[in-house]
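Reviewing the structure listed below.
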Amino acid sequence: MTTNQIVDSSFTAIINAPISKIDIPAWCFNLSEKEYQGCSPAHIAAGFTTAPDGKRMSINVETIGGSLMVQHYVETVGEKNHLVLDSTSDVFTPTGRTTIHVTWELTAREIEPGKCEFTNRVRSYATDEFMEFIGKQGIPFDLFRAQRQPASIAHNQGETPLFAASIERAAMSNN
């Protein structure tokens with residue numbers, strides 16, 4: 001998806017752990033609900049399962065900008081220091097239910113021994129269903145995007161250091 005991008009947000013934080021101990025997919029697909037909730041006040045629930053094709057899935061429920069979102073993240077890249085997840089996410093708004101496409105990308109790279117830079121990148125795109133949804137309400141896409149970006153960016157900025165700390169705890173507990 002390259003058209004109708006809503007947001008492309010990326011933030012970094014430090015993980016004080018050796019790169020050899022970091023395993024982002026293992027962290028993601030074993031993240032307890034309590035740990036997920038501790039990474040943002042907007043995080044409601046988390047779990048994991050498999051997609052019909054057998055790929056791993058992370059199910060996340062959160063509220064962003066006043067809308068409840070249920071994300072069905074399917075693993076598309078699963079390397080120890082690079083995880084990409086794609087979701088056609090359900091969005092529950094005061095005016096009804098629709099979907100958006102979200103790509104969540106997590107990376108870690110060593111910047112010095114025992115210290116890594118973590119990047120949390122989130123890109124979201126309007127689905128055809130979403131474009132029809134806002135069209136029926138007379139909301140221009142550019143207006144929606146302008147109003148949505150600050151909430152999405154603030155959410156990502158707030159959760160990034162907390163995700164990094166959670167990944168660090170997981171890495172250091174795997175001695």
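The values are calculated or read from the model by the stated rules, or taken from the named source; none is laboratory data. Quick caveat: nothing in here was measured; it's all calculated off a predicted structure. Note that we place each Cβ from the backbone using ideal geometry, even for glycine, and neighbour counts take in every protein chain shown.
Structure notes:
- Test set (1) of a type in the set (Val, Ile, Thr); (2) closer than 18 Å to GLN5 by Cβ; (3) without any contact (Cβ under 8 Å) to a residue 40 or more places away in the chain - ILE100 fails condition number: (3)
- Sub-6 Å Cβ pairs linking a first residue in segment 24-44 that is closer than 15 Å to ILE167 by Cβ to a second residue that is β-branched (Val, Ile, Thr) and surrounded by 18 or more Cβ atoms within 10 Å (Cβ to Cβ), at least 6 apart or interchain, are TRP27/ILE167, ordered by first then second residue.
- Condition broken by THR93, with the remaining ones in (1) farther than 17 Å from GLU62 by Cβ; (2) modelled with pLDDT under 95 satisfied: (1)
- Any hit, segment 10-29, residues being in contact with a Phe, Trp or Tyr (Cβ under 8 Å, 6 or more places away or on another chain) and among the charged types (D, E, K, R): no
- Boolean, SER166 is surrounded by 17 or more Cβ atoms within 10 Å (Cβ to Cβ), under 27 Å from TRP27 (Cα atoms) and touching a Ser or Thr at 6+ places or on another chain (Cβ under 9 Å): no
- Single residue of ILE6, ILE111 found to be closer than 20 Å to HIS155 by Cα and either polar (S, T, N, Q) or at pLDDT 95 or above (or both): ILE6
- Filtered residues of segment 68-82 (kept if buried (at least 17 other Cβ atoms within 10 Å of the Cβ) and closer than 24 Å to ALA151 by Cβ): MET69, VAL70, GLN71, HIS72, TYR73
- Residue in segment 14-38 that is surrounded by the fewest Cβ atoms within 10 Å (Cβ to Cβ), counting only those that are of a type in the set (A, V, I, L, M, F, W, C), more than 15 Å from the chain's Cα centre (by Cα) and outside any helix (DSSP H, G or I): ILE14
- Among the residues of segment 49-60, those that are out of contact with any helix residue (DSSP H, G or I) (no Cβ under 8 Å at 6 or more places or on another chain), in a strand (DSSP E or B) and either in contact (Cβ under 8 Å) with a residue 40 or more places away in the chain or surrounded by fewer than 18 Cβ atoms within 10 Å (Cβ to Cβ) (or both) comprise THR49, THR50, ILE59.
- Filtering segment 135-145 to residues that are assigned to a helix (DSSP H, G or I) and without any contact (Cβ under 8 Å) to a residue 24 or more places away in the chain leaves GLY135, LYS136, ASP142, LEU143.
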